[in-house]
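Presented below is the structure to which this report refers.
The values are calculated or read from the model by the stated rules, or taken from the named source; none is laboratory data. Worth saying up front: this structure is predicted, and the values here are computed from it rather than measured. Methodologically, a virtual Cβ is constructed for each residue, glycine included, from the backbone with ideal geometry; neighbour enumeration extends over all protein chains shown. When the accessible area is computed, the model is the full protein with side chains, heavy atoms only, and any ligands, DNA or RNA have been set aside. Shrake-Rupley method; radii C 1.70, N 1.55, O 1.52, S 1.80 Å.
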Amino acid sequence: MSVVTNTTTIGAIDAPSRRNTELMLMVFAVAISVFAYANVGLALNGELPSGMLGYGLGLALLGGIGHLAVRRFAPYADPLLLPLATLLNGLGLAIIWRLDQSERFQALTTFAPAASKQLMFSAVGVGLLVVVLVALKDHRILQRYTYISMLVALFLLILPMFFPAVNGAKIWIKIPGVGTIQPGEFAKIIIAVFFAGYLMVKRDALALASRRFMGLYLPRGRDLGPILMVWAFSILILVFETDLGSSLLFFGMFVVMLYVATERTSWIVFGLLMSAAGAVGVAAFEPHVQQRVTAWLDPFAGWGKEDASEQMAKSLMAFGSGGTLGTGLGQGNSDLIGFAANSDFILATVGEELGLAGMMAILLVYGLIVERGVRTALAARDPFGKLLAIGLSGSFAIQVFVVAGGVMGLIPLTGMTMPFLAAGGSSVIANWALIGILLRISDTARRPAPAPAPSPDAEMTQVVRP
Amino acid sequence: MNKPLRRIAIFCGLLVLALLVRVNWLQYVRADELNGNEHNRRVQIERYAHERGNIIVDGKPVTGSVETTGSDFKYKRVWKNGPMWAPVTGYSSQAFDASQLESLEDGILTGNSDQLFFDRTLSLFTGEKKTGGNIVTTLNGAAQKAAFKGLGNKKGAVAAIDPQTGAILALVSTPSYDPSAFAGNSLKDAEARQQLLKDKDKPMLNRALRETYPPGSTFKVVTAAAALENGLYKGIDDKTDSPLPWRLPLTTGNLENEGNIPCENASLREALRWSCNTVFGKISDDLGNQKMIDEANKFGFNEEIFTPVRADASIYPKDNRPQNAMAGIGQASNRATPLQMAMVAAAVANDGKLMQPYMVAQRQAPNLDVIYTHEKEQFSQPLSGENAQKLQQMMETVVKNGTGTNALIDGVTVGGKTGTAQHGLNNSENPYAWFISYAKTDSGSPVAVAVVVEDSQANRDDISGGGLAAPIARDVMKAVIDSKK
């Protein structure tokens, strides 16, 4: 008998690679962005912008390179992630370019156009994505660097303390000749690698070797110790650097991964208790935080008195003036918000100029990226891949919620950037790398298992018939 | 590990859902509230983003819009002959809001009024540039110019009305200001406005509508109307019961006349001709406070008048006997705006019918479609037609051979009344010179006017209604009659 029988549980059924779907979506994403760019030019100057061809070609090139790299190096990767990220990146570029045209900004002495830089950073980001896909043949390689990741992450987090604060937060490092870098954005990915590697090893100990105390399972100190220490250390540093958004992000990511690893709900309770204690503690000592909270409670109360409050109120008014359909790109006044309009507050421009409809679309695009990430985690076959994928997509979800919720006044403003949309080199580069890792995990997860090699024994085995 | 993963997926879904709910709440439910917020600069930006409609006099705009640079406000208001028209138009400033017609008719002028809904919807499809609608006023450019020129650098005000319709023909206040001086939002504009606010002559005060003066002897027209209406005296040439000297009731002093004039038992006509304080003081006292208040109220006293610009309420006070007698000759705490006294003259000229004064004849949509036309409306009937004609004869006598001869116009019947209102503690300050009058042609009276001059520079003895104010009234009346020819 020379028939090859399938003996593995996961079938060698040819899963469709969906690369052509991805290409189609990519064309769509680039086209929407180019239309947005044309819209801004027509609204502001009454003519198609002169840079439109270059911009369109640039974005198409980035998307194309990304797509080809995926086709070549991760053929079974999730087809939605890349086009969605490209769409957000492209729309972000159009909106940043629109804010560059603001006469109010151009009158400021500190003003510098950001669109061309952002395009350059996007190129670097896509380049990093390609590097991740090429160099990282299998995401499990990262597992080897668990403790090195820890050290690198801590180093990246400590580094900005030695540089002066920018706008009240010490989250920047300045490298002469290169510019400023926000190491926290990269630390986000690296610390996810550490958590995933550590939790994968210790998850049984954390879940099972615990004492029951008041209905909760308390893990042993030696299992929890290192991770708790790293977490507390990073939180402390972040609080010291007054980077609230990142503190929240790291903490959220930690709780999510711990919960997934141990499958114990008690960790959620733990996490919430700790975060409540932390929040109250920080709020009691940090005037910066108190300011944000009062601005959140009543944004209009501090008008003319507090910058934070005024900025918040201006953001709300930008959303309000957009209404259902928005004023149209280039026709709003979201630049009234001031200096952070193209980074932290870029969603206010979306809200004002694309309206409720545009905001919902953008939020759904973010939601789709997150859910594709979670889907990747579900599909991944190895615990490390699952943990890393959920860590990355969970942190992405939390970042989107914290930033969008902040500028919309749902929660106190914490000051982070909207992934892909906002101007900021570190952010866009790090998030492209994040997408790269997710693509790699999803590729491994969706890749059909290799057909088992014909067993030399198969033919030898004889069925003994009575 | 898949069970917690699915829960995390639901959790992430909830996060996005929370954001979606919030954005709907913000942009749909709270949108109007946020858009109307006082701190929302978009309101101002919108307001000045389009050319503002114009205020029109005699078919020509007295306002305009110019494009500005250097701020996010695109258009700025300008006025032609600003100081002359300021009491009519008010101001509209990028930094300091708007007043009077510019403020009251803002909806039409900016094009945001609900009355322009169809017009706006239409231009949404035609793609026409948004502009504001126009306000067509009732003012008469020639009369306004005559009044403004007549007052010159004296402090004072003129109000002129068409007695048959109530249309306001002239509204002047001096010293005036140029609203163009602070229409922008630069530092220079702020300084100009500060200067105006600090000026002790109060150039931004609209004296024609917002300043009340003691009306002095011009009020005797109202007192005479009260006497006729209440049947105190029937014939205007019958002798009245007016002793001289006449003791002010409940006091030890006599009410004096200005100079040695024939006031003893003078007829109403003679008393008005010579402006006898004794005769009219006694009439006021004979009728009593309540009847005097009733008659004054019929002329419009004791209430704010909306033209639509608000005019302060003129006051005929509730008072004791001696004060009431003094109020009857326009002294004590009797106070009137120039518009109010023009209304008195207008009611007499229009055979007793007082028409509601107004200054907006039409509102026009940006495409010049008329969306509102004022219908003339009677305010009240302070005196019967018969009594009004008697009063006309009396007032015409004043102009023909009394104190008001300076108001005579060739070939036109003019009726009037002078007034010299004392004010200040113990009559210490220079009095106000008043003159109210109307002109009459074959087709009824086209104009009634009130002039007040508060000139502290003039030699005290020269101040009299007939001398200072009557020539201005005559020029205004003449301008109106000439423009009708």
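Please report, to two decimal places, log10 I(q)/I(0) for chain B at q = 0.09 Å⁻¹ as given by the Debye formula with identical point scatterers on the Cα atoms and no solvent.
Debye output, listed in q order: -0.65.
Give me the one-decimal Kirkwood hydrodynamic radius in Å for the stretch A:304-343, with the sum taken over alpha-carbon pairs.
10.8
Looking only at the stretch A:296-340, which residues have a backbone nitrogen under 11 Å from a spot 7 Å from the Cα of A:Leu108 in the C-beta direction?
Correct set: A:335-340.
Projected area of the stretch B:184-340, taken from the Cα convex hull and averaged over every viewing direction, in nm²?
Orientation-averaged projected area of the Cα hull: 11.6 nm².
Suppose R0 equals 22 Å; then what is the FRET efficiency for B:Asp238 and B:Asn401 from their Cβ-Cβ distance, rounded to the nearest 0.05?
Step by step, r from the Cβ atoms, then E = 0.65.
Within the accessible area of the stretch A:323-443, what % is carbon and sulfur when the probe is 1.4 Å and the other protein chains stay in place? The partial results should precede the final answer.
On the way: 1500 of 2270 Å².
Carbon with sulfur: 66 percent of the solvent-accessible area.
Mind giving me the FRET efficiency for B:Ala95 and B:Lys376? R0 is 51 Å, r the Cβ-Cβ distance, nearest 0.05 is fine.
Between B:Ala95 and B:Lys376 the formula returns 0.85.
Just to verify a number: what accessible area does B:Asp72 come out at with the full protein assembly present, 1.4 Å probe, Å² rounded to tens?
Spelled out: B:Asp72, probe radius 1.4 Å, area about 40 Å².
Debye sum, Cα scatterers, the stretch A:283-370, no solvent: what log₁₀ I/I(0) at q = 0.22 1/Å?
Treating every Cα as an identical point scatterer, log10 I(q)/I(0) equals -1.00.
Compute the accessible area of each residue in the stretch A:390-406 twice, once for its chain alone and once with every protein chain present, using a 1.4 Å probe on heavy atoms, and list those whose area falls by at least 50 Å².
Going by heavy-atom accessible area, the residues of the stretch A:390-406 that drop by at least 50 Å² are A:Phe401.
If you find the alpha carbon centre of the stretch B:103-161 and of the stretch A:134-153, how far apart are they in angstrom?
For the stretch B:103-161 versus the stretch A:134-153, the Cα centre distance is 74 Å.
P(r) for the stretch B:355-425, please, calculated from all Cα pair distances in 10 Å bins and given in %.
16, 23, 27, 20, 12, 1
At a probe radius of 1.4 Å, what is the per-residue accessible area of A:Trp296, in Å² to the nearest 10?
Solvent-accessible area, nearest 10 Å²: 90 Å².
Using Cα-Cα distances under 8 Å and only pairs 6 or more residues apart, what relative contact order does chain B have, in percent?
Numbers: 1109 pairs, mean separation 77.7, N = 485.
The normalised contact order for chain B reaches 16 percent.
Report, in degrees rounded to the nearest 10, the 0 to 90 angle that the Cα long axis of helix B:220-229 makes with the longest principal axis of chain B.
Roughly 80 degrees between the two axes.
Ignoring any ligand, DNA or RNA, what whole percent of the accessible area of the stretch B:234-378 comes from carbon and sulfur when the probe is 1.4 angstrom?
Details: 2820 of 6100 Å².
About 46 percent, which is the carbon plus sulfur part of the accessible surface.
What helices does chain A hold that run 20 Å or longer along their axis, going by alpha-carbon atoms, with a Kyte-Doolittle average of 0.0 or more, using DSSP H for the helix calls?
Within chain A the helices that satisfy the rule are A:19-45, A:52-73, A:81-100, A:115-135, A:183-208, A:221-240, A:244-262, A:266-285, A:355-379, A:383-407, A:425-446.
Please report, in whole Å, how far the alpha carbons of the stretch A:309-435 spread along each principal axis, starting with the longest.
Cα spread of the stretch A:309-435 along its principal axes, largest to smallest: 49, 25, 24 Å.
Using alpha-carbon pairs under 8 Å, 6+ residues apart, how would you state the relative contact order of chain A in percent?
The normalised contact order for chain A reaches 23 percent.
For chain A, report the accessible area per residue in Å² (1.4 Å probe, heavy atoms, rounded to an integer).
Roughly 43 Å² per residue, with all protein chains present.
Translational D (Stokes-Einstein, µm²/s) of chain A at 37 °C and 0.692 mPa s when Rh comes from the Kirkwood sum over C-alpha pairs?
Once the numbers are plugged in, D ends up at 139 µm²/s.
Under the Kirkwood approximation applied to all pairs of distinct alpha-carbon atoms, what is the hydrodynamic radius of the stretch A:256-299 in Å?
Taking the inverse mean of 1/r over all distinct Cα pairs, the stretch A:256-299 comes out at 12.1 Å.
Add -39500 (n - 2.57) for each DSSP H run of 4 or more in chain A, then divide by its residues: what number comes out at 222 nm, to the nearest 500 deg cm²/dmol?
About -22000 deg cm²/dmol.
Residue separation times 0.36 nm, minus the C-alpha to C-alpha distance between B:Arg321 and B:Asp369: what's the value?
Difference between extended and current length: 11.7 nm.
Could you list, by residue number, the cysteines of chain B that have no other cysteine's beta carbon within less than 4.7 Å of their beta carbon?
When partners are defined as cysteine Cβ atoms under 4.7 Å apart, chain B leaves B:Cys12 without one.
Expressed as an acute angle from 0 to 90° and rounded to the nearest 10, what is the orientation of the C-alpha long axis of helix B:141-151 relative to the principal long axis of chain B?
Approximately 60 degrees, to the nearest ten.
Check the straight Cα-Cα distances from B:Lys440 and name the aspartates and glutamates below 17 Å, setting aside those fewer than 8 residues away within the same chain.
Straight-distance partners of B:Lys440: B:Asp162, B:Asp351, B:Glu386, B:Glu396, B:Asp410, B:Asp475, B:Asp482.
Within the stretch B:27-77, list the GluC sites (Glu not before Pro) lying in a DSSP loop whose Cβ has at most 11 other Cβ atoms in a 10 Å radius.
B:Glu38
For each pair in B:Lys154/B:Lys478; A:Lys305/B:Lys198; B:Lys298/B:Lys478; B:Lys149/B:Lys390; B:Lys80/B:Lys188; A:Lys117/A:Lys314, compute the distance between the two Cα atoms and list the pairs where it is over 24 Å. Show your work: numbers first, answer last.
Values: B:Lys154/B:Lys478 21 Å; A:Lys305/B:Lys198 29 Å; B:Lys298/B:Lys478 29 Å; B:Lys149/B:Lys390 33 Å; B:Lys80/B:Lys188 20 Å; A:Lys117/A:Lys314 27 Å.
Violating the 24 Å Cα-Cα cut-off are A:Lys305/B:Lys198; B:Lys298/B:Lys478; B:Lys149/B:Lys390; A:Lys117/A:Lys314.
Over the alpha-carbon set of the stretch B:126-208, divide Rg by the Kirkwood Rh and report the Rg/Rh ratio to two decimals.
Rg/Rh for the stretch B:126-208 comes to 1.10.
Using only the alpha carbon atoms of the stretch B:81-174, find the Kirkwood hydrodynamic radius as the inverse mean reciprocal pair distance, in angstroms to one decimal.
In the stretch B:81-174 this quantity evaluates to 15.2 Å.
Can you pull the three principal axis extents for the Cα set of the protein assembly as shown, in Å, largest first?
154, 63, 59
Along each of the three principal axes of the Cα atoms of the stretch B:373-485, give the extent in whole Å, ordering the values from largest to smallest.
On the principal axes, the stretch B:373-485 reaches 44, 33, 31 Å in Cα extent.
Tell me the total accessible area that A and B bury against each other, 1.4 angstrom probe, in square angstrom rounded to 100.
Summing both chains' loss of accessible area gives about 3600 Å².
Would you mind working out the accessible area per residue for chain B, using a 1.4 Å probe, and quoting it in Å²?
Counting only protein heavy atoms, the per-residue value for chain B is 42 Å².
Would you please give the FRET efficiency between A:Ile32 and A:Thr180, computed as 1/(1 + (r/R0)^6) with r the Cβ-Cβ distance and R0 = 35 Å, to the nearest 0.05?
The value I calculate is 0.70.
Can you give the calculated 222 nm mean residue ellipticity of chain B, where each DSSP H run of n ≥ 4 adds -39,500 (n - 2.57) and the sum is split over every residue, rounded to the nearest 500 deg cm²/dmol?
Mean residue ellipticity, 222 nm, calculated: -11000 deg cm²/dmol.
By accessible area of protein heavy atoms, probe 1.4 Å, what ranking do B:Asp286, B:Asp237 get, highest first? Kindly include the intermediate steps, with their values, before the conclusion.
Details: B:Asp286 70, B:Asp237 95 Å².
Of B:Asp286, B:Asp237, the descending order of accessible area is B:Asp237, B:Asp286.
Report, to the nearest 10°, how far helix B:470-484 tilts away from the longest principal axis of the Cα atoms in chain B, using its own Cα long axis and a range of 0 to 90°.
For B:470-484 against chain B, the angle is about 60 degrees.
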